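One structure is given here, and the rest of the page talks about it.
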Amino acid sequence: MPITLEGSCHCGAVTFTVESNTPVPYQRCYCSICRKQQGGGGYAINLGANAASLRVEGEAKLGTYRARIADAEHERCELSGGRRRFCKDCGTALWLYDPAWPDLVHPFASAIDTPLPAPRSSVHLMLKYKADWVAPDIAPADESYALYPPLSIAEWHRTNGVWID
């Protein structure tokens, strides 16, 4: 049975619940979008959840941000398919949804109020785009990647025996 994650913004105007089979906050993304939108330590941590289970209170207070992507992996500036949802009152980043993966929603671990399981190790990704001032704390058991890791969030949870049925 998936775990119910409860989340909220800082001011309490928006609260949400979502069901997740993949609640371990193991993946640290250093891309400029995640870092600037909600990663004060130089990275953001995204979880995976079932989009159909997302329930929101305070929906009128939600804003949407779609990043413009201009980097070495894109020939020209593109509008991201990802919709980053945030509270319009306090600015808290809440989750990411991309219609390219309609069954998934990615709540930001920083917005989750439910206690999350501690990861045994971390995966550091998009290090090619980390800020110069960031010194990643990469432990011996951690993995690191210039861009994306080979395993999705779901595959990582299954491979590491932490998938919640």
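The values are calculated or read from the model by the stated rules, or taken from the named source; none is laboratory data. Quick caveat, the model's predicted, so the values are computed rather than measured. Cβ: placed from backbone, ideal geometry, glycine included. Neighbour counts: every protein chain shown. With ligands, DNA and RNA removed, areas are computed over all heavy atoms of the protein, side chains included. Shrake-Rupley method; radii C 1.70, N 1.55, O 1.52, S 1.80 Å.
Observations, loosely collected:
- Members of the stretch 153-165 found to be free of Cβ contacts under 8 Å to residues at least 12 places away in the same chain and either open to solvent by less than 70 Å² (accessible area, probe 1.4 Å) or closer than 15 Å to Asn46 by Cα (or both), listed by number: Glu155, Gly161
- Residue within the stretch 59-82 that is of a type in the set (Lys, Arg), over 17 Å from the mean Cα position of the chain (by Cα) and within 16 Å of Pro102 (Cα to Cα) present: no
- Just one of (1) open to solvent by less than 80 Å² (accessible area, probe 1.4 Å); (2) in contact (Cβ under 8 Å) with a residue 40 or more places away in the chain; (3) of a type outside the set (A, V, I, L, M) fails for Tyr145. It is (2).
- Meets criteria (more than 14 Å from Arg83 (Cα to Cα), open to solvent by 40 Å² or more (accessible area, probe 1.4 Å), in contact (Cβ under 8 Å) with a residue 12 or more places away in the chain and not β-branched (Val, Ile, Thr)) for Pro119: yes
- Residues in the stretch 22-74 that are touching a residue at least 60 places away in the same chain (Cβ under 8 Å), of a type in the set (Val, Ile, Thr) and in contact with a Lys or Arg (Cβ under 7 Å, 6 or more places away or on another chain): Ile45 alone.
- Qualifying residue in the stretch 123-130 (condition: open to solvent by less than 70 Å² (accessible area, probe 1.4 Å), within 28 Å of Phe16 (Cβ to Cβ) and without any contact (Cβ under 8 Å) to a residue 60 or more places away in the chain): no
- The set of residues in the stretch 73-86 that are out of contact with any Leu (no Cβ under 7 Å at 6 or more places or on another chain) and under 15 Å from Ala111 (Cα atoms) is empty.
Let's see how each residue does on (1) in contact (Cβ under 8 Å) with a residue 60 or more places away in the chain; (2) over 19 Å from Cys31 (Cβ atoms):
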residue	(1), (2)
Glu78	no, no
Gly81	no, no
Phe86	yes, no
Cys90	yes, yes
Tyr97	no, no
Ala100	no, no
Asp103	no, yes
Ala109	yes, no
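- The criterion of at least 2 residues that are open to solvent by 40 Å² or more (accessible area, probe 1.4 Å) and farther than 24 Å from Asp132 by Cα is met by the following strands (runs of 3 or more DSSP E) wholly inside the stretch 1-115: 3-8, 15-20, 55-57, 62-65, 83-87, 104-107.
- Boolean, Arg68 is in contact with an Asp or Glu (Cβ under 9 Å, 6 or more places away or on another chain), at pLDDT below 95 and among the basic types (Lys, Arg): yes
- Considered as a group, the residues in the stretch 133-142 that are surrounded by 13 or more Cβ atoms within 10 Å (Cβ to Cβ) and not hydrophobic (A, V, I, L, M, F, W, C) include one that is farthest from Cys34 (Cα to Cα), and that residue is Asp142.
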